[in-house]
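The block underneath contains the structure these notes are about, expressed in structure tokens.
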Amino acid sequence: MDFLLSFFNSLPGAFGQGLAWGIMAVGVYITFRILDIADLTVDGSLATGGAVAALFISQGWNPWLALLLAVIAGMLAGLITGLLHTACGIPAILAGILTQLALYSINLRIMAVWSDAKTKATLALSVDRLDLLVSSRYIRELNLNNPLFLLVIFTVVLIAVLYWFFGTELGCALRATGANQAMARAQGINTSWCKVLGLVVSNGLVAMSGALLAQYQGSSTVDMGRGAIVIGLAAVIIGEVLLGKVFRNFALKLLSAVIGSIIYYIVLQFVLRLGLESTDLKLLSAVVVALFLSIPYWKGKYFTKTVRKEAARNA
Amino acid sequence: MLEVRDLYKTFNAGTINEKRAMNGVSLTLEDGDFVTVIGGNGAGKSTLLNLVAGVFPPDSGTITIDGQNVTKLPEHKRAKFIGRVFQDPMMGTAATMGIEENLALAFRRGQSRGLRYGITSAERKQYQEKLAILGLGLEDRLTSKVGLLSGGQRQALTLLMATLKKPKLLLLDEHTAALDPKTAAKVLETTERIVRRDKLTTLMITHNMRDAIAHGNRLIMMDGGQIVADIRGEEKQNLTVQDLLDKFHVENDRMLLSE
């Protein structure tokens, strides 16, 4: 009984985290599913988003402006990865890892701007002193301060904008680039530019997620993005496995990534209450993602084998 | 329409796998020429097409389309002039996108793509009419994902996409080679119809000598990265497979087999 009670008690928090990470999952969906690139920049750009937002908010800047600057910083990170990949010919995964690594140093520097230290690994955001967009402090309150309210609006608006964008000529060109590069080029699409654009948009979203997360949890840390790509992939895959059959519309597919993210955090809360440490979560995430990515592969193998057996029997 | 001058291309230069794929090819296509290209494996047919399309740059030589030197133009910019159908039916279409979405992408070939709608309802009507010409029933399946179509249907769709906006040059790279004979004949017949209707300047590679003779007003034979025969006019009209076999030393098994 105690177990269930504490689990249900933790649900609003899981929703809050799930929604904030859900924006990140939508960013991962754009690169992983639409562009067919596993972009590892996100581990760095999530923390960059958090660092930039925390830096400006801690100086008393308007939190919306800070959020915008964070998104721009994330987009720049995506631009670097995109140029490393397209203009320098570095494989996408390696390009992402390079940017991610570089961002670690940069994020430490960002958080130390306007302080005496040269580098800083954390930057606290006190909800009592500062004007924050979202804070986990109010997660149980039934008013507009509740972070769930703003996070839901964010999610809905973002999905609507992305739905519109991927229906435009440019958005279609981006989807064609991910679906078939040879065809895209034959139809006059600059696939390099499309890939860069996709990485820019994706990392902008990831940084936005980081900026919201930093405010939500009351601090930005240099490690907050570690393993982010795996969480993002987990959210995308969980969403697809559970809702892929029902959600056919593009907007709903994006939504399923967000729902996947929420489910991920609900499951985590559940597992935590079974006695695992929060540090065990990365192991758990990795196992979950590895499993769900293997299933389609195994399925394919398994089915071809049965067909062959049947054919042999018929022969 | 197309003018190719002294084209050279060597792959893996300086390595043990060095391959001189294009060895000084010059070729001029008049407006409305329908040229079939034959030759054995490694003769340089596909290399020539890929050089014209801009998939990779030549080592030397120039390519001019409709008076404009395009030698240094990247592939996606050259696409403005060129419609292409590939040998692999999977290559010319985006499997995860709908039929109408694929057509809409092709409809915007050569235009800058901005934030206008990717497809309009006026287009849809037009696509239905064009698809009906193919006679495959695709006009009722506008939103179906292309991945659900057969290889023949996908090739027919790719052909439609390549000619949806009239190209200055149509490049067909053995576009029926991966299809079963019946489907291949149908796709070829559709090709002939569209090329005639729109008077398209066309370069068509084929492994099938009979197809090469039956179609087009000019036939080119390639070997070792060079053009070894260029037959046109009346001579082309009266050409038979036996003529080709007699006239040229045809060593390649595949060419003989496909006869």
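A few notes on this one:
- Some residue of the stretch A:146-153 being open to solvent by 20 Å² or more (accessible area, probe 1.4 Å), within 14 Å of another protein chain (Cβ to nearest Cβ) and farther than 19 Å from A:Ser45 by Cβ: no
- Just one of (1) out of contact with any Pro (no Cβ under 8 Å at 6 or more places or on another chain); (2) open to solvent by 20 Å² or more (accessible area, probe 1.4 Å) fails for B:Tyr8. It is (1).
- Counted as qualifying within the stretch A:35-135 are the helices (runs of 4 or more DSSP H) with 1 or more residues that are charged (D, E, K, R) and surrounded by fewer than 22 Cβ atoms within 10 Å (Cβ to Cβ), namely A:92-112.
- The stretch B:109-132 - residue that is within 27 Å of B:Arg78 (Cβ to Cβ) and hydrophobic (A, V, I, L, M, F, W, C) and, of those, nearest to the other protein chains (Cβ to nearest Cβ): B:Leu115
- Filter result for B:Thr47 (more than 8 Å from chain A (Cβ to nearest Cβ), in a helix (DSSP H, G or I) and not aromatic (Phe, Trp, Tyr)): yes
- Selected residue (criterion: nearest to the other protein chains (Cβ to nearest Cβ)) from residues of the stretch B:70-86 that are in a loop (DSSP other than H, G, I, E, B) and hydrophobic (A, V, I, L, M, F, W, C): B:Ala79
- Cβ-Cβ under 7 Å pairs, at least 6 apart or on other chains, the stretch B:164-175 side within 19 Å of B:Glu101 (Cα to Cα), far side open to solvent by 10 Å² or more (accessible area, probe 1.4 Å) and among the hydrophobic types (A, V, I, L, M, F, W, C): B:Leu164/B:Phe107; B:Lys165/B:Phe107
- Residues that are of a type in the set (A, V, I, L, M), farther than 17 Å from B:Ala214 by Cα and either part of a loop (DSSP other than H, G, I, E, B) or touching a helix residue (DSSP H, G or I) at 6+ places or on another chain (Cβ under 7 Å) (or both), drawn from the stretch B:163-191: B:Leu164, B:Leu170, B:Leu171, B:Ala178, B:Leu179
- The stretch A:173-186: number of residues that are within 7 Å of another protein chain (Cβ to nearest Cβ) and open to solvent by less than 10 Å² (accessible area, probe 1.4 Å): 4
- Residue in the stretch A:198-218 that is facing chain B (nearest Cβ under 8 Å), open to solvent by less than 40 Å² (accessible area, probe 1.4 Å) and more than 21 Å from A:Gly78 (Cα to Cα) present: no
- Residue in the stretch A:223-231 that is of a type outside the set (Val, Ile, Thr), part of a helix (DSSP H, G or I) and more than 29 Å from A:Ser126 (Cβ to Cβ) present: no
- Residue check, B:Ser26 within 14 Å of another protein chain (Cβ to nearest Cβ) and either touching a residue at least 12 places away in the same chain (Cβ under 8 Å) or buried (at least 21 other Cβ atoms within 10 Å of the Cβ) (or both): no
- Residue that is nearest to the chain's Cα centre (by Cα) [pool: residues in the stretch B:50-80 that are surrounded by 15 or more Cβ atoms within 10 Å (Cβ to Cβ) and at positive phi]: B:Gly54
- Filter result for B:Asp223 (farther than 18 Å from B:Val85 by Cβ and of a type in the set (Asp, Glu)): yes
- Matching residues, the stretch B:87-97, being open to solvent by less than 20 Å² (accessible area, probe 1.4 Å) and either within 8 Å of another protein chain (Cβ to nearest Cβ) or modelled with pLDDT of 95 or more (or both): B:Gly92, B:Thr93, B:Ala94, B:Met97
The values are calculated or read from the model by the stated rules, or taken from the named source; none is laboratory data. Given the structure is predicted, the values throughout are model-derived calculations rather than measurements. For neighbour counting, all protein chains shown are included, and Cβ atoms are generated from backbone atoms with ideal geometry for every residue, glycine included. Protein only, heavy atoms only, side chains kept; ligands, DNA and RNA dropped before computing areas. Shrake-Rupley method; radii C 1.70, N 1.55, O 1.52, S 1.80 Å.
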